1. Please verify whether VAL130 is surrounded by 13 or more Cβ atoms within 10 Å (Cβ to Cβ), closer than 23 Å to MET18 by Cα, aliphatic (A, V, I, L, M) and touching a residue at least 12 places away in the same chain (Cβ under 8 Å), treating the condition exactly as stated.
2. I need the full set of residues from the range 79-124 which are among the hydroxyl-bearing types (Ser, Thr, Tyr), under 24 Å from PHE10 (Cα atoms) and buried (at least 18 other Cβ atoms within 10 Å of the Cβ), in order please.
3. If a residue must be assigned to a strand (DSSP E or B), under 20 Å from LYS12 (Cβ atoms) and among the polar types (S, T, N, Q), how many such residues does the range 28-70 contain?
4. In the range 47-71, how many are at pLDDT 95 or above, surrounded by fewer than 16 Cβ atoms within 10 Å (Cβ to Cβ) and farther than 26 Å from LEU135 by Cα?
5. Checking the condition within 28 Å of PRO147 (Cβ to Cβ), among the charged types (D, E, K, R) and touching a residue at least 60 places away in the same chain (Cβ under 8 Å), which residue from ARG87, ARG39 passes?
6. Are there any pairs, at least 6 apart or on different chains, whose C-beta atoms fall under 7 Å, with the first in the range 43-64 and touching a residue at least 40 places away in the same chain (Cβ under 8 Å) and within 21 Å of LYS119 (Cβ to Cβ) and the second of a type outside the set (Asp, Glu) and assigned to a strand (DSSP E or B), and if so, which?
7. Do we have SER76 as at pLDDT 95 or above, over 15 Å from the mean Cα position of the chain (by Cα) and outside any loop (DSSP other than H, G, I, E, B) here?
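The values are calculated or read from the model by the stated rules, or taken from the named source; none is laboratory data. This one's a predicted model, so the numbers in the text were calculated from it and none came from an experiment. Cβ sites come from the backbone with ideal geometry, for glycine too, and all protein chains shown count toward neighbours.
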Amino acid sequence: MQSLHDDSRFYKIYNEFMRNYVSRFFGGKISYSQHPKMRVHLAGTSSVSLWHRDVDITHRPDQINMWVPVTDCFSSNSLFVESDYGRSDYRPIDVRYGEVLFFDGGYLSHGTVDNATNKTRVSFDLRFSVLRSPLPALAQAIIGNRPG
């Protein structure tokens, strides 16, 4: 993916998906990352991402994460997210192929553990910001309870 040109078929589909599909759920106006991240967590391999909050890396407090696995994700091949801000009680989020997870990856700590399953995970990380004020209901439900 890193070698794809911005006018590649993949990025054309990605841009259309973000502009015409995802944006509809968030009031029609979003700003999104130009290049999503693709992650592959091979079966039987070590963690691919230590515990972190995206805001500490991106410095973008307004972002929402959309995690799109293209394989079934369960147990140790999945993404682990804390249950509430600052809890550090990480649990895997089971997401089946065809489902997506919207979450506050900016402020909820998340990461992975060693993949002890016999299934490789392939997923995309999409990040976007909602450009509506007040925030639409779905955005408010995702990021509206952040600690001060």
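1. Values: surrounded by 13 or more Cβ atoms within 10 Å (Cβ to Cβ): yes; closer than 23 Å to MET18 by Cα: yes; aliphatic (A, V, I, L, M): yes; touching a residue at least 12 places away in the same chain (Cβ under 8 Å): yes.
Yes: the conditions hold for VAL130.
2. Of all residues in the range 79-124, those among the hydroxyl-bearing types (Ser, Thr, Tyr) come to 83, 85, 88, 90, 97, 107, 109, 112, 117, 120, 123.
Those still in the list that are under 24 Å from PHE10 (Cα atoms) too: 97, 120, 123.
Of everything in the range 79-124, just one residue is among the hydroxyl-bearing types (Ser, Thr, Tyr), under 24 Å from PHE10 (Cα atoms) and buried (at least 18 other Cβ atoms within 10 Å of the Cβ), namely SER123.
3. Quick first cut of the range 28-70, residues assigned to a strand (DSSP E or B) only: 30-32, 37-41, 52, 63-69.
Next, from what is left, pick out any that are under 20 Å from LYS12 (Cβ atoms): 30-32, 37-38, 66, 68.
In the following step, the residues that additionally are among the polar types (S, T, N, Q) were identified as 31.
The number of residues fulfilling the criteria is 1.
4. 2
5. Values: ARG87 fails: touching a residue at least 60 places away in the same chain (Cβ under 8 Å).
So the residue among ARG87, ARG39 that is within 28 Å of PRO147 (Cβ to Cβ), among the charged types (D, E, K, R) and touching a residue at least 60 places away in the same chain (Cβ under 8 Å) is ARG39.
6. The qualifying pairs are SER47/GLY111; VAL48/ARG39; VAL48/HIS41; SER49/GLY111.
7. Working: at pLDDT 95 or above: yes; over 15 Å from the mean Cα position of the chain (by Cα): yes; outside any loop (DSSP other than H, G, I, E, B): yes.
When the stated conditions are applied, SER76 passes them.
Okay, residues lined up against (1) among the aliphatic types (A, V, I, L, M); (2) in a loop (DSSP other than H, G, I, E, B):
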site: ASP84; (1), (2): no, yes
site: SER88; (1), (2): no, yes
site: ASP114; (1), (2): no, yes
site: THR117; (1), (2): no, yes
site: ARG127; (1), (2): no, no
site: SER133; (1), (2): no, yes
site: ALA141; (1), (2): yes, no
